[in-house]
Amino acid sequence: MKGIYDVGIVFRGFVIVNNVFKEFPIGKDSESKRDLRGAFISAISSFAESAFTNNHLEYLESEKFLFIFKMGEIKSKDNHKSEPIILYGLTDKKKKNPNKTIRKFLGKAELILESFIQKFDDKDFTEINQFQPFKNELQDYFIKKQENIA
């Protein structure tokens, strides 16, 4: 996808899998920044949901970038209740029509998030390495589908 920097999945405040398509222009992405990104996404999502009566945050917009979120729910092996899971994308902001980018990303993100949930529902989420093969799916999906999202 043109203009995409990073796509990942956040669970319990941690980025459990992500794919960096190109370096974010504000410096190299380190492991600590990735952890901060996961905590930020979870916190802002929880805030929006509780402050605005269960409305999910779909995106944050800055002058040059879009941070887009697709929310879902998944059960882990250690909890019988479903918990929030978030697919995020960090993209360039199109100056003419950012809403088009957001709509297309969210439509495509729904499919990839559903695929993740089907594969990992009721799994042990402490075993982070099990999610790494899904990184290839994120990459393949967004590279092969780029003409439909750009």
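Just to check your reading of the model, which residue among 68, 44, 74, 9 is touching a Pro at 6+ places or on another chain (Cβ under 9 Å), modelled with pLDDT of 75 or more and among the aliphatic types (A, V, I, L, M)?
74
(1) assigned to a helix (DSSP H, G or I); (2) of a type in the set (Gly, Ala, Ser); (3) buried (at least 17 other Cβ atoms within 10 Å of the Cβ): which one isn't true of residue 107, the others all being true?
Looking at each condition in turn, residue 107 falls short on (3).
Restricting attention to region 47-65, which residues are at pLDDT below 80 and within 13 Å of the chain's Cα centre (by Cα)? First the steps, then the outcome.
Pass one, region 47-65, residues at pLDDT below 80: 47-57.
57 - this is the single residue of region 47-65 that is at pLDDT below 80 and within 13 Å of the chain's Cα centre (by Cα).
Please give the number of the condition residue 125 fails out of (1) surrounded by 17 or more Cβ atoms within 10 Å (Cβ to Cβ); (2) part of a helix (DSSP H, G or I).
Unmet for residue 125, out of (1) surrounded by 17 or more Cβ atoms within 10 Å (Cβ to Cβ); (2) part of a helix (DSSP H, G or I): (2).
Looking only at region 12-40, filter to residues that are modelled with pLDDT of 80 or more and of a type in the set (A, V, I, L, M); which one of those is nearest to residue 135 (Cα to Cα)?
So the residue we want is 17.
The values are calculated or read from the model by the stated rules, or taken from the named source; none is laboratory data. Please read these numbers as outputs of a predicted model, since none were measured by experiment. Backbone-built Cβ (ideal geometry, glycine too); neighbour counts: all protein chains shown.
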